[in-house]
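See structure below.
The values are calculated or read from the model by the stated rules, or taken from the named source; none is laboratory data. Please read all numbers here as calculations on a predicted model, not as lab measurements. Note that we place each Cβ from the backbone using ideal geometry, even for glycine, and neighbour counts take in every protein chain shown. All accessible areas refer to the heavy atoms of the entire protein, side chains included, with ligands and DNA or RNA removed. Shrake-Rupley method; radii C 1.70, N 1.55, O 1.52, S 1.80 Å.
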Amino acid sequence: MSAVTGPISTLPGAHHSVPEGTMCDDHPDRMATHRVQGETDSFGSELNDMCDECYATYKREMAETAAERATGTCDWCGKAATDLRQRRDYEEGSYGRLYDVCGACIRRQNQEAEEELERYGYYDDCGD
């Protein structure tokens, strides 16, 4: 881990620009070509600097474990799910805790937000 941020609104896996002269976290003799956001919570995140070789390994590992990471219990409804994604609660702000949330809860949250926008006439100002 090469850098730590303060509160951040992006999610793990987000790519960030690599500062000039940054070395790979695992190969101190190689220049970093990728900076990927790692562990993230409401306090901030870890940014991982990787050379091309490490980044290829990272991408392969993410692809191999995608189904495993998506399986578990939804933090919002408590049901078992195979389509978990990390999500923030709008009411906690864009820097709040990350939750593992199932597709059904995400759809429900999006629908509720859509209904609220319609209720307050948000779309009336869009020129439709």
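Of the residues examined, E61 is not one that is touching a residue at least 24 places away in the same chain (Cβ under 8 Å), part of a helix (DSSP H, G or I), open to solvent by 80 Å² or more (accessible area, probe 1.4 Å) and of a type in the set (D, E, K, R). Does T82 meet the test of being open to solvent by 100 Å² or more (accessible area, probe 1.4 Å) and over 16 Å from the mean Cα position of the chain (by Cα)? So T82 passes the test.
Scanning for something touching a Gly at 6+ places or on another chain (Cβ under 8 Å), at pLDDT below 95 and on the phi > 0 side of the Ramachandran plot, does region 42-62 turn up at least one residue? So far as region 42-62 goes, yes, one or more of its residues are touching a Gly at 6+ places or on another chain (Cβ under 8 Å), at pLDDT below 95 and on the phi > 0 side of the Ramachandran plot.
Take D100 and decide whether it is touching a residue at least 12 places away in the same chain (Cβ under 8 Å), touching a helix residue (DSSP H, G or I) at 6+ places or on another chain (Cβ under 6 Å) and open to solvent by less than 70 Å² (accessible area, probe 1.4 Å). Against the criterion (touching a residue at least 12 places away in the same chain (Cβ under 8 Å), touching a helix residue (DSSP H, G or I) at 6+ places or on another chain (Cβ under 6 Å) and open to solvent by less than 70 Å² (accessible area, probe 1.4 Å)), D100 does not qualify. When G6, G13, G72 are screened for being open to solvent by less than 50 Å² (accessible area, probe 1.4 Å), touching an Asp or Glu at 6+ places or on another chain (Cβ under 7 Å) and not aromatic (F, W, Y), only G72 passes.
Kindly indicate whether V18 is buried (at least 16 other Cβ atoms within 10 Å of the Cβ), among the hydrophobic types (A, V, I, L, M, F, W, C) and in a loop (DSSP other than H, G, I, E, B). Yes, satisfied.
Quick check on region 50-75: of everything there that is more than 22 Å from R108 (Cα to Cα) and of a type in the set (K, R), which residue is farthest from the chain's Cα centre (by Cα)? The qualifying residue farthest from the chain's Cα centre (by Cα) is R60. Among the residues of region 25-51, the ones that are in a loop (DSSP other than H, G, I, E, B), open to solvent by 10 Å² or more (accessible area, probe 1.4 Å) and not small (G, A, S) come to 8 in all. The sole residue among Y120, Y95 that is over 17 Å from P12 (Cβ atoms), among the aromatic types (F, W, Y) and open to solvent by 70 Å² or more (accessible area, probe 1.4 Å) is Y120.
Among the residues of region 64-100, those that are assigned to a loop (DSSP other than H, G, I, E, B) and of a type in the set (S, T, Y) comprise T65, T71, T82, S94, Y95.
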